[in-house]
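The values are calculated or read from the model by the stated rules, or taken from the named source; none is laboratory data. As the structure is a prediction and not an experimental result, all values here were calculated from the model. Every residue, glycine among them, receives a Cβ derived from its backbone with ideal geometry; neighbour counts consider all protein chains shown. Heads up: the accessible areas ignore ligands, DNA and RNA and are worked out on the full protein's heavy atoms, side chains in. Shrake-Rupley method; radii C 1.70, N 1.55, O 1.52, S 1.80 Å.
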Amino acid sequence: MAVASSSLTGGSFDLSSTSCSSSSSSSLDCFRHQVRFFGSRRRIKPLVYWTRSHSLSPKCELSSNSVVKNGKKESRTSSLSALELLKTSAADRYTKESSSIMVIGLNIHTAPVEVREKVSIPEAQWPQAIRELCSLNHIEEAAVLSTCNRIEIYVLALAQNRGIKEVTEWMSKFSGVPVTELCQHRFLLYNQDATQHLFEVAAGLDSLVLGEGQILAQVKQVVKNGQGVPGFGRKISELFKRAITTGKRVRTETNISSGSVSVSSAAVELALLKLPEYSSSTARVLIVGAGKMGKLVIRHLAAKGCKKMVVINRTVDRVAAIREELMDADIVYKPFSELLACAAQADVIFTCTASKAPLFIKESVQALSSVDSEDGCRRLFIDISVPRNVEPSVAEVEGADVYNVDDLKEVVEANKEDRLRKKIEAETIIAEEVKQFEALKDSLETVPTIKKLRAYAERIRSAEVDKCLSKMGDDIPQHKKKAIYDLSLGIVNKLLHGPMQHLKCDGAENRTLSEILENMHALNRIFGLDTEMSVLEEKVRAKIEQNQKQSS
């Protein structure tokens with residue numbers, strides 16, 4: 001097996017520690033080389049090439065540092081035996097690897113809607129998904145962003161390769177999509193690349209509709225749904241909060257969203273493009289679903305001059321609220337029980353519900369009366385739901401045309417040219433915000449050292465106080481004991497104040513991140529803090545033990 005790795009900004013991918021077995025060689029296909037293009041930037045996923053003709057037995061090959069002597073190859077670094085190297089590698093597996101922020105996902109650029117709809121996670125299930133993801137051995141924090149155009153899982157992984165494997169397998173188990181199929185469509189980004197991607201998402205730069213505003217509201221929902229959920233931890237929550245700040249700043253400073261279209265408005269534009277010009281003002285319109293997407297569709301229809309429309313929803317309350325907002329439009333409410341009857345009277349049907357099962361199937365549409373038009377006008381189904389509300393086979397029915405979110409590109413291309421100039425400004429802002437967040441994230445690397453140094457000092461302080469009190473006898477007044485305790489605490493705090501200040505990156509002093517990290521390593525050496533079990537290994541062991549207890 002030949003291993004190749006591609007360096008990424010903010011991190012690299014190494015599969016050398018990924019275990020493989022001959023019984024599941026297909027799982028190796030997950031790591032085939034894939035190149036994804038997002039906007040103007042190229043993202044390359046690290047890879048493993050698998051040659052099936054090779055033996056499954058691992059082989060040790062000499063590096064380019066080897067020399068030939070007496071017809072035999074000898075290593076220049078012969079002072080270290082292969083066994084010693086193996087032991088060192090195993091011991092340093094976690095101490096040399098810091099936790100990584102990663103995004104594992106599928107979006108409109110990498111996967112068709114028929115795959116995305118299977119993997120999508122309803123908003124109500126996001127908290128449960130976070131809990132399940134964080135129960136995995138190598139996942140410490142998690143967040144889920146699932147929309148009609150993307151399903152992206154952001155995690156703080158204790159080990160990169162293991163984290164990827166665990167999350168991918170979880171996605172497969174949740175969706176029923178085989179791991180091999182997920183790997184054909186997924187994208188993987190790490191650390192700074194993952195940060196930049198989320199900031200671009202929040203700013204609307206990664207959307208089908210450049211600069212669209214709805215995605216920012218969806219990113220906010222991630223934070224709202226994550227509040228109080230174990231696993232939506234400090235680093236991931238800070239990442240999403242900073243993404244929201246970035247999205248707001250981009251829209252304020254560049255006006256990239258001014259006059260921009262959303263998925264909902266693009267759907268309306270697509271319907272107008274497909275309808276004959278003479279019938280666009282008289283077309284009978286049906287909207288199925290009055291949630292966020294449906295409400296936006298109704299607004300855009302009203303703005304385009306559609307004054308009469310029928311809205312089907314499970315409850316009348318939302319439709320009544322929309323009717324009060326759009327006083328000039330004649331909006332008629334109908335319950336779901338009248339879905340097919342209303343569809344039979346409609347020329348254009350917009351579907352935007354969270355239903356997991358199709359609302360329109362081939363047989364039900366065949367039973368509908370044909371569109372009443374002398375000029376052969378066809379019935380349009382504009383389906384912007386994920387999972388889809390209209391079965392693809394409906395397109396086979398005579399007189400019916402079906403469009404989904406992937407078909408909106410025709411409209412988007414016609415609307416984004418005037419915003420491309422603003423995109424350059426937005427990318428500059430995003431670069432600034434990424435730099436600031438990465439500095440904040442990196443400064444948190446000193447937290448374990450701060451905790452270990454405090455614990456080290458506290459052990460010494462407590463032991464010395466106990467020793468002192470034992471020598472003074474048992475008849476010491478309580479106020480004197482307290483005075484001794486306070487004195488010892490004050491001395492320790494004053495001694496620790498200087499080192500602690502040199503480990504913090506709060507902007508109070510002009511100290512670079514490299515200086516802070518150098519200080520951290522120096523304190524680790526001076527006080528022998530590196531001899532303790534690494535924080536990552538500690539966390540992994542604790543999670544494994546917890547999972548074993550739950551399964552027993």
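Structure summary
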| read-out | value |
| --- | --- |
| Residue check for ILE215: touching a residue at least 12 places away in the same chain (Cβ under 8 Å) and open to solvent by less than 10 Å² (accessible area, probe 1.4 Å) | yes |
| Those residues of the range 452-493 which are of a type in the set (Gly, Ala, Ser) and either in contact with a Cys (Cβ under 8 Å, 6 or more places away or on another chain) or within 29 Å of ARG525 (Cβ to Cβ) (or both), in sequence order | ALA455, ALA457, SER462, ALA463, SER488, GLY490 |
| The range 220-251 - residue that is out of contact with any strand residue (DSSP E or B) (no Cβ under 8 Å at 6 or more places or on another chain), buried (at least 21 other Cβ atoms within 10 Å of the Cβ) and aliphatic (A, V, I, L, M) and, of those, nearest to ILE139 (Cα to Cα) | ALA243 |
| Only one of ARG454, ARG388 that is in contact with a Ser or Thr (Cβ under 9 Å, 6 or more places away or on another chain), modelled with pLDDT of 85 or more and open to solvent by 30 Å² or more (accessible area, probe 1.4 Å) | ARG388 |
| Whichever residue in the range 172-189 is under 30 Å from VAL250 (Cβ atoms) and out of contact with any Leu (no Cβ under 6 Å at 6 or more places or on another chain) and, among such residues, is surrounded by the most Cβ atoms within 10 Å (Cβ to Cβ) | LEU189 |
| Lone unmet requirement of (1) touching a strand residue (DSSP E or B) at 6+ places or on another chain (Cβ under 7 Å); (2) at pLDDT below 90; (3) within 23 Å of SER262 (Cα to Cα) for LYS416 | (1) |
| Restricting the range 419-451 to residues that are modelled with pLDDT of 75 or more and polar (S, T, N, Q), the residue that is least open to solvent (accessible area, probe 1.4 Å) | THR449 |
| Subset of the range 283-342 (residues that are part of a strand (DSSP E or B), in contact (Cβ under 8 Å) with a residue 24 or more places away in the chain and open to solvent by 20 Å² or more (accessible area, probe 1.4 Å)) | LYS308, VAL310, VAL332, LYS334 |
| Enumeration of residues in the range 349-366 that are without any contact (Cβ under 8 Å) to a residue 60 or more places away in the chain, among the β-branched types (Val, Ile, Thr) and surrounded by 20 or more Cβ atoms within 10 Å (Cβ to Cβ) | VAL365 |
| Members of the range 124-163 that are of a type in the set (Asp, Glu) and open to solvent by less than 10 Å² (accessible area, probe 1.4 Å) | GLU152 |
| GLU132 vs. criteria free of Cβ contacts under 8 Å to residues at least 60 places away in the same chain and assigned to a helix (DSSP H, G or I) | yes |
